[in-house]
1. Taking only region 255-298 into account, find how many residues are within 10 Å of ligand 1 (Cβ to nearest atom), within 13 Å of the chain's Cα centre (by Cα) and closer than 18 Å to residue 229 by Cα.
2. Inspect region 133-152 for any residue being at positive phi and surrounded by fewer than 22 Cβ atoms within 10 Å (Cβ to Cβ) and give the result as yes or no.
3. Name, by its number, the condition in (1) part of a strand (DSSP E or B); (2) crowded, with 18+ Cβ neighbours inside 10 Å that does not hold for residue 465.
4. For the condition over 23 Å from residue 540 (Cβ atoms) and part of a loop (DSSP other than H, G, I, E, B), what is the one hit in 424, 474, 428?
5. Any idea which of (1) closer than 20 Å to residue 308 by Cβ; (2) touching a strand residue (DSSP E or B) at 6+ places or on another chain (Cβ under 8 Å); (3) without any contact (Cβ under 8 Å) to a residue 40 or more places away in the chain is the one residue 235 doesn't satisfy?
6. For region 271-280, state whether one or more residues are part of a loop (DSSP other than H, G, I, E, B) and surrounded by fewer than 24 Cβ atoms within 10 Å (Cβ to Cβ).
7. Check region 48-67 and report whether any residue there is within 36 Å of the chain's Cα centre (by Cα), assigned by TED's automatic domain parsing to the domain that holds residue 132 and farther than 30 Å from residue 789 by Cβ.
8. Checking the conditions here, which among 415, 394 is away from ligand 1 (no atom under 16 Å from the Cβ) and in contact with a strand residue (DSSP E or B) (Cβ under 6 Å, 6 or more places away or on another chain)?
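The values are calculated or read from the model by the stated rules, or taken from the named source; none is laboratory data. These numbers were taken from a predicted model, which means no experiment stands behind them. Neighbour counts run over all protein chains shown; Cβ positions are idealised from the backbone, glycine included.
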Ligand code: DPP
Ligand code: ZN
């Protein structure tokens with residue numbers, strides 16, 4: 001697989017203005033006739049050959065301007081169609097290809113999921129439908145005629161608006177869809193199948209009457225209402241918040257059960273993994289509802305950030321993804337609780353993006369080179385990309401930021417843009433030079449900012465010194481260059497140790513923001529009589545690691561008194577992290593005592609719970625949740641022993657459960673839903689459930705016998721999947737017959753609900769016990785499991801590999817072997833999902849020597865297997881480099 005470099009970008013030599021597709025659906029022999037209106041690109045090389053991309057295509061016929069092509073005029077392989085001397089004027093190519101949707105296990109291009117024809121074209125799937133200039137800067141207007149069997153495919157959907165439908169013989173019918181907005185091929189989609197439907201109407205602020213519809217498996221229409229409502233709320237929010245209105249007469253969402261990603265923003269026809277559409281209280285947890293809402297919003301918001309303004313090339317992926325994640329995060333924050341959502345965002349970033357940025361797969365938010373673009377749909381491009389946009393807003397202020405967004409959308413509408421175009425809009429509105437800020441897009445690795453404070457009582461000043469350091473990271477594209485200082489917005493304030501803000505002033509702090517833009521800088525506050533406690537990086541104002549040597553009492557003061565909710569939570573996390581790291585480093589055995597530091601933490605949490613838990617249960621649940629094992633591993637950084645981390649965490653959980661037990665039980669009772677209360681997925685109700693279940697979890701850690709009794713009672717009585725699954729999770733941690741019986745009952749009860757079985761698979765795959773490996777192997781033989789379905793693989797094998805550190809990193813290497821074996825078994829079917837699974841090895845260099853050698857040999861075994869897909873060979877190669 002050859003390397004593609006940003007530095008080598010050249011405009012296409014030819015453009016395609018219009019595409020007329022005629023797709024005759026057939027399970028194994030689908031025929032596609034593409035009529036392409038081409039012309040030389042004035043910005044391209046005159047007379048260059050025309051090379052159209054293809055992938056596993058069978059060419060049936062080709063004509064140029066209505067005539068067969070002469071001998072030697074074209075070369076055809078399954079991967080490319082080359083026209084050696086294209087006309088140097090507008091011309092029409094008509095190409096007929098045949099594809100086999102039923103044999104398409106890669107789930108890229110046209111495939112079938114549960115009998116439904118559907119497509120996935122991002123990043124490069126359209127070339128699996130017809131020969132094309134499959135690059136995002138070639139934008140065309142599409143008209144698509146879809147013909148199918150009336151029985152098998154009563155629903156026929158395409159991009160844009162429906163313009164015609166009718167009969168096509170005794171058994172077949174057709175529909176013609178026209179999308180007036182020019183778009184790149186990756187946004188093409190079609191669907192054909194038997195589907196149930198729910199619909200609603202939305203009138204845009206421009207007065208357009210839009211029909212919104214959500215299509216799901218027949219019989220599951222009742223589970224589509226929440227998603228339907230989320231579409232309408234997303235449309236309203238984007239109008240209110242960014243002044244962006246929808247631009248077609250219909251907006252369709254289709255849920256399919258076999259899907260590589262979460263969802264896809266095809267113009268006017270979003271196709272979703274059904275996991276992110278279907279919801280009912282009995283089958284979906286509160287987390288599912290929140291994810292559905294966020295992903296519906298995300299894909300809808302792409303209509304502007306991604307579709308109306310698309311990417312010039314795939315190096316610019318963050319231009320649409322980082323921005324759109326930022327937009328969906330803002331939506332969720334507005335619809336739910338902003339501090340609670342911010343904490344959730346940061347937990348994801350630290351659990352997924354920080355390790356990526358610290359491991360062998362580290363890459364800049366805008367990569368400079370790739371071998372396989374599908375491997376760059378990463379936490380770095382998405383989540384860190386969103387943080388960059390958020391920093392931009394912090395630096396410019398919300399009004400200037402909004403004007404910059406308006407300018408970006410209006411100047412780049414209808415174009416394939418770059419990160420430079422994006423930044424230029426904000427530079428123009430703010431009058432600021434953003435060249436230095438742009439380094440965030442180019443430099444990989446998580447910066448560390450060390451903070452030290454000093455109070456001078458005589459001068460009544462308080463100074464804060466910030467020192468930023470950046471890892472030096474070599475990538476395939478570039479040797480390790482010395483990193484340059486980044487522009488880091490530090491939102492901060494001073495807190496009085498006994499509570500209350502300190503009315504200090506510092507010239508360089510504007511609206512609570514200090515901008516750190518050099519390697520080291522000192523900020524001086526004046527009129528500070530007594531030593532304050534600094535609260536820095538409020539709201540996690542930059543994606544950095546903060547080294548701030550606060551005392552325990554200072555952290556406790558922040559937990560109790562900071563006006564910034566994020567930093568209150570952070571104070572509790574930091575206190576817990578210190579205990580966890582110290583115990584894990586010491587290799588401490590499982591024990592009843594976490595030491596005096598732990599005692600200080602539990603006393604502070606007791607005070608906190610008494611004062612505030614009932615007022616904001618969702619926040620309280622987060623404060624009670626200890627940093628995850630992977631986060632502790634990152635903090636330790638090298639020679640990590642996952643078992644020691646697990647023991648440290650377990651010991652502290654036991655201590656919290658014991659010291660807070662009666663309070664936690666009291667909160668469970670106080671927050672109980674009255675019997676028969678109607679279900680609501682809203683944030684407040686979900687928050688109550690989350691605190692009740694966090695309490696149950698800690699109580700059970702300290703007293704498994706009492707815990708399992710409570711959990712089994714909850715399992716039997718629960719009215720929601722949230723409560724049932726939380727109870728089952730508690731039960732799953734206590735070995736014994738009760739556990740096996742409860743698991744078996746649950747599996748039986750939901751044997752016809754694949755999405756619920758996914759939760760059941762995941763929960764079992766995450767049991768931190770040596771028997772889990774065999775359990776996972778056993779479940780791979782379960783009738784509901786299939787390597788062909790990405791959700792099944794993710795719930796069982798990826799949960800084990802990514803979310804069960806002690807068992808994936810078993811000292812005997814059997815966890816690595818299992819993951820490697822599944823990667824290889826899967827690679828021939830679905831390389832994208834296989835490659836994603838292989839990223840579980842991302843942390844292999846961090847673990848202690850014995851494990852490291854076993855991980856390396858498993859990775860080498862994968863890397864040395866002949867016939868690997870480009871996807872897996874890319875991940876394996878970079879992981880070992
Ligand atoms: N479907 C993926 C997303 O929306 C890729 N565009 O992020
Ligand atoms: Zn996206």
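1. Residues of region 255-298 within 10 Å of ligand 1 (Cβ to nearest atom): 259-266, 270-273, 295, 298.
Keeping just the survivors that are within 13 Å of the chain's Cα centre (by Cα) gives 260-264, 295, 298.
Still in the running and closer than 18 Å to residue 229 by Cα: 263, 295, 298.
Number satisfying all stated conditions: 3.
2. To start, the set of residues in region 133-152 that are at positive phi comprises none.
No; the residues of region 133-152 include none that is at positive phi and surrounded by fewer than 22 Cβ atoms within 10 Å (Cβ to Cβ).
3. (2)
4. From the options 424, 474, 428, the qualifying one is 474.
5. Residue 235 satisfies every listed condition except (3).
6. Filtering region 271-280 for residues part of a loop (DSSP other than H, G, I, E, B) gives 277-280.
Within this subset, residues satisfying the condition of being surrounded by fewer than 24 Cβ atoms within 10 Å (Cβ to Cβ) are 280.
Yes, region 271-280 contains a residue that is part of a loop (DSSP other than H, G, I, E, B) and surrounded by fewer than 24 Cβ atoms within 10 Å (Cβ to Cβ).
7. Our first condition is that a residue be within 36 Å of the chain's Cα centre (by Cα); within region 48-67, this holds for 51-58.
Now restrict to residues that are assigned by TED's automatic domain parsing to the domain that holds residue 132: 51-58.
Next, only the ones that are farther than 30 Å from residue 789 by Cβ stay: 51-52.
Yes, region 48-67 contains a residue that is within 36 Å of the chain's Cα centre (by Cα), assigned by TED's automatic domain parsing to the domain that holds residue 132 and farther than 30 Å from residue 789 by Cβ.
8. Values: 415 fails: in contact with a strand residue (DSSP E or B) (Cβ under 6 Å, 6 or more places away or on another chain).
None of the other options fit; the residue is 394.
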